[in-house]
2 protein chains.
Amino acid sequence: MLIPFIFISACGADNANESEWRTLDLNNTVLLTLPQGKVVIELAPQFSPKHVEQFSSLVQKSFYDGTKFYRVIDGFVAQGGPKDGSEQDKSVPLLAMEGQFSTDGKAPFTLVQRDDLFAKKTGFKEGFAVATNNSKSGWLTHCPGVLAMARSNEADSASSHFYFVIGQAPRYLDKIMTIFGRVVYGMNHIQAIQRTTVIDGEYAVDSREHTPIISMKLMADVPKKDRIIIEVENTESASFAERLVKRRARASEFFYKKPPPVLDVCQVPIRSRLVKLQD
Amino acid sequence: MLIPFIFISACGADNANESEWRTLDLNNTVLLTLPQGKVVIELAPQFSPKHVEQFSSLVQKSFYDGTKFYRVIDGFVAQGGPKDGSEQDKSVPLLAMEGQFSTDGKAPFTLVQRDDLFAKKTGFKEGFAVATNNSKSGWLTHCPGVLAMARSNEADSASSHFYFVIGQAPRYLDKIMTIFGRVVYGMNHIQAIQRTTVIDGEYAVDSREHTPIISMKLMADVPKKDRIIIEVENTESASFAERLVKRRARASEFFYKKPPPVLDVCQVPIRSRLVKLQD
């Protein structure tokens, strides 16, 4: 009776892994409206609960509406938040660093690569690029599109200022900054945010030109007709694992010489698809 | 008489390395005008002479003026060129791959890092990110902002279609594509090029929305008053080497825990400065 056993085992243990796509929890999804378009962000309460709690609470209070991206460095980050030192700024409590998460010794993620420059293992967990050096803990890694909280020099000094990574992964920030979300739709609009730093010799960008946030809302709070419903690739699925194998092998004829069979975890795009878009 | 000897040696051998900044050769610099702004590209004839020769010749014939970025994938590449299969397209001779360069056994570059995922050594040579596995040859590596020639499946099939890298370095393309330039000014405008591929479920981007090239000219052919004169960091200079040491050490108090003392060659920004800008 081997065959039924396997069948039952697959259905029982790996049921969640059968599906290629995963729906987002609308209470942990943010709709960011910029002048150039709409952006959808998936929050990561399973990794950074306190940061997500505070950020979500601020979003629900319309805290960020009208604030600007005041520090935007091409190839690095787009940072936003309230006016430095303002009453609004000072009103927000400080957060303790959540730069790492515990894995309780369980296989923590879908493995992508061993021994890159910054970690013994990299991979994906629930759509997020992760890294680890042991079986007990891991961290979200600074790939393009992640959302993290800015801070002062002290570890536990983040409050409301946040940044999106818009360039080559600054992984030296891993574990000492708290990543708590990632862009799943509209990254092109994040890339179009007005840069605020300029090269030596060029005029400064007037703060009136800085890109404003028109609004930021939890998707659950958006009227149904205005929601943008996204599904993302299920990084725990068999089809995703298969895609990693193919990506590593580069079997296409285009690769007339095969590249090294390695993958940069930040260079593996996680697909999204739009279920419904209403403007 | 040790001291004078050292003094003379330093002045003799390293004279060119004294300067922190390097001027560009206007015959190997391209001014790309997009609707959103101006971009300056440094060409690399020292690495990819035939590609630069053909590209420069096409630029001088206004070949690209009015063509569009027809394949733009967020986080990957912005690709442009003439209409596929058109007379204009077919008029251009094919180029032999120039994916690697010889170093004649000489120390080839300013070392950044040993043993990253893709190469035994990475570093910079004349402003370009390079990599190598031995003392005889090296290659330009696919960092954000590089300009390379597209091709069909065959190695020697590039002609006029080109791409800029706009996301996490796709280094699996190294050595099997010819990189022949890099953006030294206006990368923000390259990032603002209209994406042409969309996620599943979204409407297709009409080709009329694709970003056009208003003009592309060799800077030497631009009237003096309209030139954008850029200087770039001299990656052979002592001050650059010192900056690499500092970047690796992360001495700032902001790094309350120090990251691993490693550098991703594509995550080391090479500075540019504007000597003169006239609109």
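Quick note: the coordinates plus some simple rules give every number you see, no bench work behind them. Please read these numbers as outputs of a predicted model, since none were measured by experiment. We place every Cβ from the backbone using ideal geometry, glycine too, and count neighbours over all the protein chains shown.
Once you charge only the Cβ atoms, +1 for Lys and Arg and -1 for Asp and Glu, what is the size of the charge dipole of chain B about its Cα centre, to the nearest 20 debye?
On the way: 34 positive and 32 negative charges, 115 e Å.
That gives a dipole near 560 debye.
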- Task: Pop out the ³J(HN,Hα) list for segment B:108-121 in order, Karplus 6.51 cos²θ - 1.76 cosθ + 1.60 with θ = phi - 60°, rounded to Hz; leave Gly and Pro as x.
- Result: x, 6, 7, 5, 10, 8, 9, 6, 8, 4, 10, 7, 6, 9
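For the protein assembly as shown, what is the mean residue ellipticity at 222 nm derived from helices alone (per DSSP H run of n ≥ 4: -39500 (n - 2.57); sum divided by total residues; nearest 500 deg cm²/dmol)? Present the calculation step by step, with values, prior to reporting the outcome.
Values: 10 runs with 90 residues, N = 558.
-4500 deg cm²/dmol, from helical runs alone.
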- Item | Nearest-ten-degree value, helix A:2-13 long axis tilted from longest Cα axis of chain A | 10 degrees
- Task: Can you check how the C-alpha radius of gyration of the protein assembly as shown compares to 2.2 N^0.38 Å, as a plain ratio?
- Result: 1.00
- Message: Only Cα pairs within less than 10 Å get springs; with that Gaussian network setup on chain A, which residue of A:78, A:129, A:192 has the largest fluctuation?
- Response: A:192
- Debye intensity ratio I(q)/I(0), log10, segment A:95-168, q values 0.20, 0.25 Å⁻¹ (C-alpha model): -0.93, -1.17
- How far apart are the residue B:245 label points across copies, placing each 7 Å from Cα toward Cβ, in nm, shortest first? 4.9
- Task: Calculate how steeply helix B:238-249 sits against the longest principal axis of the alpha-carbon atoms of chain B, using the helix alpha-carbon long axis, and give the answer as 0 to 90 degrees to the nearest 10.
- Result: 90 degrees
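Given the convex hull over the Cα atoms of segment B:51-207, what projected area results after averaging over all orientations, in nm²?
Working: hull surface 42.6 nm².
The number I arrive at for segment B:51-207 is 10.6 nm².
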- Query: At q = 0.11, 0.13, 0.22 Å⁻¹, what base-10 log of I(q)/I(0) does the Debye formula yield for segment A:166-279 when every alpha carbon is treated as an equal point scatterer in vacuo?
  - Reply: -0.64, -0.86, -1.35
- Task: Once the label point is placed 7 Å from Cα along Cβ, list for residue A:271 the distances to the corresponding points in the other copies, in nm, shortest first.
- Result: 4.4
- Query: Can you list the HN-Hα couplings for segment B:136-146, worked out from phi with the Karplus curve (6.51, -1.76, 1.60; θ = phi - 60°), rounded to whole Hz and with x for Gly and Pro?
  - Reply: 9, 8, x, 8, 6, 10, 6, 7, x, x, 6
- Distances from residue B:202 to the same residue in each other copy, label points 7 Å out along Cα→Cβ, in nm, shortest first? 2.5
- Can you tell which of A:92, A:82, A:153 lies farthest toward the positive end of the dipole of the protein assembly as shown, using +1 and -1 charges on the Cβ of basic and acidic side chains (Lys, Arg; Asp, Glu)? A:153
- Taking the alpha-carbon centre of each part, the distance from segment B:204-233 to segment B:55-100 in Å is 14 Å
- Taking chain B as the reference, fit the longest principal axis to its C-alpha atoms, fit the long axis of helix B:49-60 to the helix C-alpha atoms, and give the angle between the two in degrees, 0 to 90, nearest 10. 50 degrees
- Task: May I ask you to list the trypsin sites (Lys or Arg not before Pro) in segment B:100-157 that are in a DSSP loop and have at most 14 other Cβ atoms within 10 Å of their Cβ?
- Result: B:106, B:120, B:136
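Go through A:258/B:50; B:136/B:175; B:90/B:175; A:258/B:106 and tell me which ones have a Cα-Cα distance over 20 Å in this structure. Please list the in-between numbers first.
On the way: A:258/B:50 24 Å; B:136/B:175 15 Å; B:90/B:175 25 Å; A:258/B:106 27 Å.
Listed pairs above 20 Å: A:258/B:50; B:90/B:175; A:258/B:106.
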- Message: Averaging the inverse of every distinct alpha carbon separation and then flipping it gives the Kirkwood radius. What is it for chain B, in angstrom units?
- Response: 20.2 Å
